[in-house]
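The structure appears below as structure tokens.
The values are calculated or read from the model by the stated rules, or taken from the named source; none is laboratory data. These numbers come from a predicted model, not from an experiment. We place every Cβ from the backbone using ideal geometry, glycine too, and count neighbours over all the protein chains shown.
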Amino acid sequence: MRVVICAGPATTGKTSVVRHTAKKLLHAGHKVAFVKLDVQYADEDEILAEELKIPTRKVYSGELCPDHCNVMVLGDAMQWAEQHGCDVLIVETAGLCLRCSPYVEGGLGIVVLEATSGMNLPLKVGPMLSLADVAVVTKIDRISQAEREVFRSRIQDVAPNVRVREVNALHGIGIDPLVNEVLETPEVNGPMFLRGNPPVGTCTICVGKKEIGWQSHFGVVRALENQVFYRGE
Amino acid sequence: MIRSISILGGQGRRGAPDAFERIDLHMGQVVSIVGPTGSGKTTLINDIELFAGGDTPSGRHVLINDEPAPVEYRYNPAKNPIALITQHTTFLSDLPVRQFLLTHSKVRTGGSESPQMMMDAIEFANKLTGEPIDLDNRMTELSGGQTRALLIADATVICSTPVVLLDEVENAGIHRTKAVQLLREFRKIFIFVTHDPRIALLSDFRIVMQGGRVTQVLSTSEEERGVSAHVNRLDDALSALREKLRMGHRLNAGELQEVA
Ligand SMILES: Nc1ncnc2c1ncn2[C@@H]1O[C@H](COP(=O)(O)OP(=O)(O)OP(=O)(O)O)[C@@H](O)[C@H]1O
Ligand SMILES: Nc1nc2c(ncn2[C@@H]2O[C@H](COP(=O)(O)OP(=O)(O)O)[C@@H](O)[C@H]2O)c(=O)[nH]1
Ligand SMILES: [Mg+2]
Ligand SMILES: [Mg+2]
Ligand SMILES: [Zn+2]
């Protein structure tokens, strides 16, 4: 089983990228399963099941951070995909937690960013970008060549080792390199681990202590001064 | 070194094939792409810029020196031999013009930021605009004409590539003839999409499009070259009128007599 985790802010084009990539994988004879992970609403599973006739399902993370939820459910999801005879599992995740990484060791980590989002976006998405293998830049049809090149360089400034691949996800232009990335990803065998280090071991806010002010908390705390740009490693 | 760019025919919107098998563009040639609105001109120019390999909706292939383009053209802008001036009349990049040009100079030279290129680019752009662009303007604040002028300046000064693709220079109120002259000076292959007869007649041949497909490839005939001088006179006269109106002057009845 090959595992692909596709993360990115809302409406950047994750589903569009998955759609075109899955189509080409199916065309090449692979069997693809799809899981959509979101906090409280998603219909991508129904859309892709209908369109591509592949096994799909959705998971609502609810009160859990979607990336933590991924850790909880991914093992089961792989078994489920295997039972359906699939050899590629693609997970689309909301990527709302900008502190943890949504990716797993040994799987392919894809972050989807839109070229129209403004030049500071790469600085804002933390480990979702810096721990990805590939950064897919969508909506290149909506900007000039010069802006596309400057956006690429803003990504490489933050994440020099991430492979940047520009696409028009509406028309599926530039998808072939992503299909190759998937095919070059090794099969996952044995236990899997979340990539990178989670930012906090125990977070007092997560367990329900809601009082504002770092003085009321323990573990990893942070004051207004002493800001650190969190890169995930 | 780029010697030629070739386009292998694909199909139009409804699947009908392009009316050519292969078009070869050689160093020094100037080509225009003409056709009604929505006929696929931008799509064709994008196919060239993306080094299409049958992976775009048109199914066309683009060859550089008779071979598929090396992948580094795509992934390293410093190696990319093509500059594309898109049809966009707004920037979405929320950077100041200064920072944008500096970053792009670094990207395209593969070296460090070049304040000299930035200054040259802004000076070039301001030759084409009415109201000048300030380096401290945000890109998103620029007007349609200023945006186009900056794109042209960026392509000429910063990209400085052997191949330039230009999508409709005319519809942004900038000095288009000047822009085309300046651009052509150093180029080896120059391809532009245009609705403007003056600009179309500058080319060695023109690609005609309809319904997403290429319907004809026409060389500029001797007769057409003959007309070109007259077209230029008409166009200059119209430009003079345009400039007068812009400056708030009144026009008089005899204005167009000498060209008509
Ligand atoms: N060969 C093709 N196959 C499929 N779709 C195409 C093809 N060529 C063009 N299209 C589609 O047709 C639409 C119009 O094409 P395009 O923008 O290239 O037109 P244009 O000639 O540049 O128009 P304008 O003069 O308004 O700029 C686009 O949505 C484009 O994706
Ligand atoms: N113009 C353009 N639109 C795109 C592109 N990719 C996605 N979109 C549009 O952006 C919207 C959101 O896309 P979707 O794939 O649902 O994003 P998601 O929320 O990240 O899954 C849809 O309307 C898509 O059609 C692209 O490359 N170009
Ligand atoms: Mg989606
Ligand atoms: Mg167009
Ligand atoms: Zn988290």
query = Looking at this structure, is residue B:194 buried (at least 22 other Cβ atoms within 10 Å of the Cβ), away from ligand 2 (no atom under 16 Å from the Cβ) and within 14 Å of another protein chain (Cβ to nearest Cβ)?
reply = no
request  = List the number of the failed condition for residue B:85; all other conditions in (1) under 16 Å from the mean Cα position of the chain (by Cα); (2) more than 25 Å from residue A:177 (Cβ to Cβ); (3) surrounded by fewer than 22 Cβ atoms within 10 Å (Cβ to Cβ); (4) within 14 Å of another protein chain (Cβ to nearest Cβ) hold.
outcome  = (3)
task = Take residue A:154 and decide whether it is touching a helix residue (DSSP H, G or I) at 6+ places or on another chain (Cβ under 6 Å) and facing chain B (nearest Cβ under 9 Å).
result = yes
task = Among the residues of the stretch B:152-169, write down those that are aliphatic (A, V, I, L, M) and either in contact with a helix residue (DSSP H, G or I) (Cβ under 6 Å, 6 or more places away or on another chain) or not in a helix (DSSP H, G or I) (or both).
result = B:152, B:153, B:157, B:158, B:163, B:164, B:165, B:166, B:169
remark   = Within the stretch B:92-126, the count of residues that are surrounded by 19 or more Cβ atoms within 10 Å (Cβ to Cβ) and over 25 Å from residue A:163 (Cα atoms) comes to 8
inquiry  = For the stretch A:146-158, check the following and say yes or no: at least one residue is touching a Leu at 6+ places or on another chain (Cβ under 6 Å) and crowded, with 21+ Cβ neighbours inside 10 Å.
reply    = no
message = closer than 17 Å to residue B:30 by Cα and outside any loop (DSSP other than H, G, I, E, B): is that true of residue B:208 in this structure?
response = yes
ask   = When the stretch A:48-74 is examined, which residues are found to be acidic (Asp, Glu) and either within 14 Å of ligand 5 (Cβ to nearest atom) or buried (at least 22 other Cβ atoms within 10 Å of the Cβ) (or both)?
value = A:63, A:67
query = Is the stretch A:185-197 home to any residue that is in contact with a strand residue (DSSP E or B) (Cβ under 7 Å, 6 or more places away or on another chain), at the interface with chain B (Cβ under 9 Å from one of its Cβ atoms) and closer than 29 Å to residue A:116 by Cα?
reply = no
query = Inside the stretch B:9-69, counting only strands (runs of 3 or more DSSP E) that do not spill past its ends, which hold 2 or more residues that are surrounded by 15 or more Cβ atoms within 10 Å (Cβ to Cβ) and within 14 Å of another protein chain (Cβ to nearest Cβ)?
reply = B:61-64
key: Residue check for residue B:122: within 13 Å of another protein chain (Cβ to nearest Cβ) and under 23 Å from the mean Cα position of the chain (by Cα)   = no
ask   = Checking residue B:211 against (1) in the same structural domain as residue B:12 (by TED's automatic domain parsing); (2) touching a helix residue (DSSP H, G or I) at 6+ places or on another chain (Cβ under 7 Å), which test does it fail?
value = (2)
inquiry  = Within the stretch A:72-123, take every residue that is within 14 Å of chain B (Cβ to nearest Cβ), away from ligand 2 (no atom under 16 Å from the Cβ) and not in a loop (DSSP other than H, G, I, E, B) and give me the one that is farthest from the chain's Cα centre (by Cα).
reply    = A:123
message = Pairs please, first residue from the stretch A:153-170 and more than 11 Å from residue A:135 (Cα to Cα), second anywhere and within 16 Å of ligand 3 (Cβ to nearest atom), Cβ atoms under 6 Å, 6+ apart in sequence or on different chains.
response = A:169/A:13; A:169/A:16; A:169/A:17; A:169/A:138
